[in-house]
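Before any comments, here is the structure.
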Amino acid sequence: MMIPPFLTPAVLVMLVVGGSAPSRGAERGPLALRQAFADAFLMGVALSTSQVNGTNDRAGVLAAQQFSAITPENDMKWEALNPLPGQYDFKAADAHVGFAARNNMNVIGHALIWHSQTPAWVFQGREGKPATRDELLNRMQAHIHAVVGRYKGKVIGWDVVNEALSDSGPDILRDSPWRRIIGDDFLDHAFRFAREADPQAELYYNDYGLEDERKRANGVKLLRGMLDRGVQLTAVGTQSHFQLDYPSLDAVEKTILDFSGLGIGVMVTELDVDVLPSRGTAGVADISRREMADKSLDPYTSGLPDGIQEKLRQRYTDLFGVYLRHRAAITRVTIWGLDDGQSWLNDFPIPGRTNHALLFDRALNPKPAFFAVLQKGQASRTRPPRR
Ligand code: 9MR
């Protein structure tokens, strides 16, 4: 598919914000995702600090024009908000909330309780010992109350617990300091504290790889148990860090059905599509210098070839086809970054590569995948003609 050359970000802004779409655009319906999907679900994007605090205004304008929800990509994580005991820094998080308010967007809080990006002091007790269960529960409560309390009424929902499920082995939950010190009920407590701090906020459990049969079954079991115990859980966040050919659409669909069967909402919270060659499952730490220098693992440094661009377009088209079919269950779809330059996939699992996982390229130009998704949204608004 050819990108109409007139649709640069500046022109998109003019068309949508200025409201003076030329007939070509008007025929196609709204030119922004947030409008095209307004009847179906929220369209979200993860944003970095510079995209909301005025440093990168072009990105901010484009994000505000296209999306109806933002997730701070890193600025509401524990290490960002509360790096030292008793010391909070809300500056960057406040910038997200201010940006969203100015642009009529919703804010999703990400993430309260996670094993990663949480400072070591959180888990430390007295005299070099680990914190006790009570100490850690107190810290968890104080943190959740401080953060959720500050943004009460301003953040519509929180990823209360992130990535607690294990990837293999007999246990449902992964080994983490939260689980080791508090016990398996750490999730229940986290949700209870969040509910105390904001009685209206939506509360989510968020994880990746839920399309895998084992992990999905464990996830369903975990959340069913929580619901049975009266834990107030609004929705599950399926992160959706995907590849061009994995997971299957069938697995994506099963995941939506299995979780919506619990009577909770389903959200796609961190969608992106890795287009680079995979190198297996070894961790970042195992990557050798030779591999990092191996150009065959980083083939698209000067742009995405048409064939792969087309595969990416098709992948996004297919995924949004599934999401729209299940729009009754899905309340939000969030893309994990605005443009390819921002994507974490440039540095994972191999640092310093050039990935092309998102809807806008490094120059903020819309990619064929963007137009395909937009078209899907527009088509979903059109009722079939009567015979
Ligand atoms: O995109 C985030 C990247 O900028 C950070 O360096 C990274 C640190 O762990 O976290 C990334 O976002 C993650 C998200 O918070 C939770 N799910 C997985 C995401 C990708 O790693």
Restricting to the stretch 326-348, give me the number of residues that are assigned to a loop (DSSP other than H, G, I, E, B), within 16 Å of the ligand (Cβ to nearest atom) and surrounded by fewer than 20 Cβ atoms within 10 Å (Cβ to Cβ).
2
ILE108 versus (1) among the aliphatic types (A, V, I, L, M); (2) assigned to a helix (DSSP H, G or I); (3) within 16 Å of the ligand (Cβ to nearest atom): which is the lone unmet condition?
(2)
Inter-residue pairs, beta-carbon under 7 Å, first aliphatic (A, V, I, L, M) and in the stretch 223-239, second open to solvent by 50 Å² or more (accessible area, probe 1.4 Å) and outside any loop (DSSP other than H, G, I, E, B), 6+ apart
LEU233/LEU227; ALA235/GLU202; ALA235/THR331
Is the stretch 60-68 home to any residue that is at pLDDT 95 or above, touching a Lys or Arg at 6+ places or on another chain (Cβ under 8 Å) and among the hydroxyl-bearing types (Ser, Thr, Tyr)?
yes
Which condition breaks for PHE370 when tested against (1) part of a loop (DSSP other than H, G, I, E, B); (2) more than 16 Å from the ligand (Cβ to nearest atom); (3) closer than 24 Å to SER48 by Cα?
(1)
Exactly one of GLN87, GLN124, GLN117 is of a type in the set (S, T, N, Q), open to solvent by 10 Å² or more (accessible area, probe 1.4 Å) and within 16 Å of the ligand (Cβ to nearest atom), and that one is GLN117
Going through the stretch 349-380 in order, the residues found to be closer than 15 Å to GLN309 by Cα, of a type in the set (S, T, N, Q) and open to solvent by 20 Å² or more (accessible area, probe 1.4 Å) are THR354, ASN365
Residues of the stretch 157-171 being among the hydroxyl-bearing types (Ser, Thr, Tyr) and either loosely packed, with under 15 Cβ neighbours inside 10 Å or under 16 Å from ASN74 (Cα atoms) (or both), which ones?
SER168
Pick from the stretch 119-129 the residues that are free of Cβ contacts under 8 Å to residues at least 12 places away in the same chain and assigned to a loop (DSSP other than H, G, I, E, B): which of them is farthest from ALA101 (Cα to Cα)?
LYS129
Is it true that some residue in the stretch 277-292 is touching a Lys or Arg at 6+ places or on another chain (Cβ under 8 Å) and at pLDDT 95 or above?
no
Hits in the stretch 68-84 (condition: more than 13 Å from the ligand (Cβ to nearest atom), in contact (Cβ under 8 Å) with a residue 60 or more places away in the chain and of a type outside the set (Gly, Ala, Ser)):
LEU81, ASN82
Selection over the stretch 37-57 where residues are surrounded by 15 or more Cβ atoms within 10 Å (Cβ to Cβ) and part of a loop (DSSP other than H, G, I, E, B) yields a count of 7
Has the stretch 363-371 got at least one residue that is without any contact (Cβ under 8 Å) to a residue 60 or more places away in the chain and among the basic types (Lys, Arg)?
no
Being open to solvent by less than 40 Å² (accessible area, probe 1.4 Å) and not in a loop (DSSP other than H, G, I, E, B) is the filter here, so list the residues in the stretch 130-156 that pass it.
GLU135, LEU136, LEU137, MET140, HIS143, ILE144, ALA146, VAL147, VAL148, GLY149
Among the residues of the stretch 91-111, are any buried (at least 18 other Cβ atoms within 10 Å of the Cβ), under 19 Å from GLU270 (Cβ atoms) and of a type in the set (Val, Ile, Thr)?
yes
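The values are calculated or read from the model by the stated rules, or taken from the named source; none is laboratory data. Everything numeric in this text was worked out from a predicted model, so none of it was measured. Ideal geometry is used to build each Cβ from the backbone, glycine not excepted, and the neighbour counts take in all protein chains shown. Areas reflect the complete protein model, heavy atoms only, side chains present, ligands, DNA and RNA absent. Shrake-Rupley method; radii C 1.70, N 1.55, O 1.52, S 1.80 Å.
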